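Take a look at the structure below.
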Amino acid sequence: MPLDQRTTLTQFLIEQRRRFPSASGDFNALILDVALACKAIARSVAFGALGGVLGAQAGSINVQGEEQKKLDVISNELFVRANEWGGHLAGMASEEMDEPYNIPGVYPRGKYLLVFDPLDGSSNIDVNVSVGSIFSVLRAPQDVIDSGRDVTAADFLQPGCQQLAAGYALYGPSTMLVLTVGTGVHGFTLDPNLGEFFLSHPDIRVPADTQEFAINASNSRFWEPPVKRYVDECLAGKTGPRGKDFNMRWIASMVAEAHRILMRGGVFLYPRDTKDPSKPGRLRLLYEANPVGFIMEQAGGRASTGREPILQVQPTSLHQRIGLVFGSKNEVERIERYHREPAPLKDDNPLFAERTLFRD
Ligand code: F6P
């Protein structure tokens, strides 16, 4: 597409801002700083083995008890450095930092909070499969803005419906930034020659129906009955109660799965399960589930714990984990319905049904 017909991310943000004549421009500047961090991460990721960035960071374990990769640490640093100086933020929180990050005294403090997972899907780094960054922007509590005090974890514990913006960068065959500022979802592709994001996917919509699901099936013995029922019915295909065949995908990079679902529909499940009773789910609420939930809902999809809309959940801790289901609206609603309904009996004959006198 010729350059004069392209819309840059900057132009897109300025045009959005014109709808709010009193806006200061801080918000746009913040999103551009986030985009800069994503471009820098894209470059590091692209160099792969040649950049000396693959592999584990020796001796480094994050707050989740997970081994940090070198690129996790580099990406976190790039996010912090790109966003701490601009005067737009009151504080940041990241998957890779145990505690909230306070803006150093040499820089002004602003009214927004930035929450991020700097490199999602990091088990894929060393095998050259797509990874991504996820971010969410919240408004800082008024007393933080008024006083300029240090932030605490409690300041970030806001339900997802209070997000002002959310997005992700996908470092795949091409680098993309997908963003919502509450007016639909828009995708930008990085032109690596110009180092600029251009609007390539305006107003993305998730189809309401799908025949594709994504779940880590190695956890099936730990699933709760509604999830087991849903997956069994998909696997039964044409001959089962759904009357149609389903396809399955699992990339193990949530950003990449979310992007596929935005592009062609589908449903993603990393549900609450019984694998580890100390972890009510695998994914993190504040910087994985909430931003993806906001994006899905803005694209006409749905995001849920299975029991309630993800964006309604009141967070209780910074690194809280949660069960997450998102994607095509009708499928997510079906999974929510299965969580409300008692499990159906497999056979009309109670002697052979799933729950009978003869079984546990
Ligand atoms: O940290 C989260 C994450 O890497 C997601 O991107 C991905 O969906 C999930 O973990 C993969 O988990 P598992 O290794 O259990 O398949």
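A few remarks follow.
- The range 102-129, subset free of Cβ contacts under 8 Å to residues at least 24 places away in the same chain and more than 16 Å from the ligand (Cβ to nearest atom), residue nearest to ALA166 (Cα to Cα): ILE103
- Tally of residues being among the hydroxyl-bearing types (Ser, Thr, Tyr) and over 20 Å from the mean Cα position of the chain (by Cα) across the range 57-98: 1
- Taken over the range 102-123, the criterion of being buried (at least 20 other Cβ atoms within 10 Å of the Cβ) and within 22 Å of ALA42 (Cβ to Cβ) is satisfied by LEU114, VAL115, PHE116, ASP117, PRO118, LEU119, ASP120, GLY121, SER122.
- Residue match in the range 140-153 (condition: closer than 24 Å to PRO309 by Cα, surrounded by 13 or more Cβ atoms within 10 Å (Cβ to Cβ), at pLDDT 95 or above and in contact with a strand residue (DSSP E or B) (Cβ under 7 Å, 6 or more places away or on another chain)): yes
Yes/no per residue for (1) more than 15 Å from the ligand (Cβ to nearest atom); (2) without any contact (Cβ under 8 Å) to a residue 60 or more places away in the chain; (3) not in a strand (DSSP E or B):
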{"site": "GLN64", "(1), (2), (3)": "no, no, yes"}
{"site": "ASP72", "(1), (2), (3)": "no, yes, yes"}
{"site": "VAL80", "(1), (2), (3)": "yes, yes, yes"}
{"site": "ALA90", "(1), (2), (3)": "yes, no, no"}
{"site": "ALA93", "(1), (2), (3)": "yes, no, no"}
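- Filtering LEU324, LEU285 for residues that are modelled with pLDDT of 95 or more, out of contact with any helix residue (DSSP H, G or I) (no Cβ under 6 Å at 6 or more places or on another chain) and crowded, with 22+ Cβ neighbours inside 10 Å leaves a single hit, LEU285.
- The range 33-48, subset in contact (Cβ under 8 Å) with a residue 12 or more places away in the chain and surrounded by fewer than 15 Cβ atoms within 10 Å (Cβ to Cβ), residue nearest to ASP191 (Cα to Cα): ALA46
- Test: residue in the range 288-302 that is surrounded by 19 or more Cβ atoms within 10 Å (Cβ to Cβ), within 14 Å of the ligand (Cβ to nearest atom), of a type in the set (Val, Ile, Thr) and part of a strand (DSSP E or B): no
- Among the candidates LEU164, LEU170, residue that is crowded, with 16+ Cβ neighbours inside 10 Å, within 16 Å of the ligand (Cβ to nearest atom), assigned by TED's automatic domain parsing to the domain that holds TYR101 and under 30 Å from ASN28 (Cβ atoms): LEU170
- Members of the range 244-268 that are outside any loop (DSSP other than H, G, I, E, B), out of contact with any His (no Cβ under 9 Å at 6 or more places or on another chain) and more than 10 Å from the ligand (Cβ to nearest atom): ASN247, MET248, HIS259, ARG260, ILE261, ARG264, VAL267
- Selection count where residues are touching a strand residue (DSSP E or B) at 6+ places or on another chain (Cβ under 9 Å) and within 16 Å of the ligand (Cβ to nearest atom), scope the range 185-219: 7
- Of all residues making up the range 303-321, the number that are surrounded by 20 or more Cβ atoms within 10 Å (Cβ to Cβ) and under 23 Å from VAL178 (Cα atoms): 4
- Residues within the range 186-229 that are closer than 18 Å to ILE261 by Cα and either within 20 Å of the chain's Cα centre (by Cα) or surrounded by 14 or more Cβ atoms within 10 Å (Cβ to Cβ) (or both), tallied: 20
- Of the residues making up the range 222-237, those that are touching a residue at least 24 places away in the same chain (Cβ under 8 Å) and not β-branched (Val, Ile, Thr) number 7.
- Only residues that are more than 15 Å from the chain's Cα centre (by Cα) and closer than 22 Å to MET263 by Cα were counted in the range 310-347, giving 8.
- Pair list, Cβ < 7 Å and 6+ apart or interchain, from the range 201-221 residues that are of a type in the set (Phe, Trp, Tyr) to residues that are modelled with pLDDT under 95: none
The values are calculated or read from the model by the stated rules, or taken from the named source; none is laboratory data. Bear in mind the structure is a predicted one, so any value in this text is a computation, not a measurement. Neighbour counts run over all protein chains shown; Cβ positions are idealised from the backbone, glycine included.
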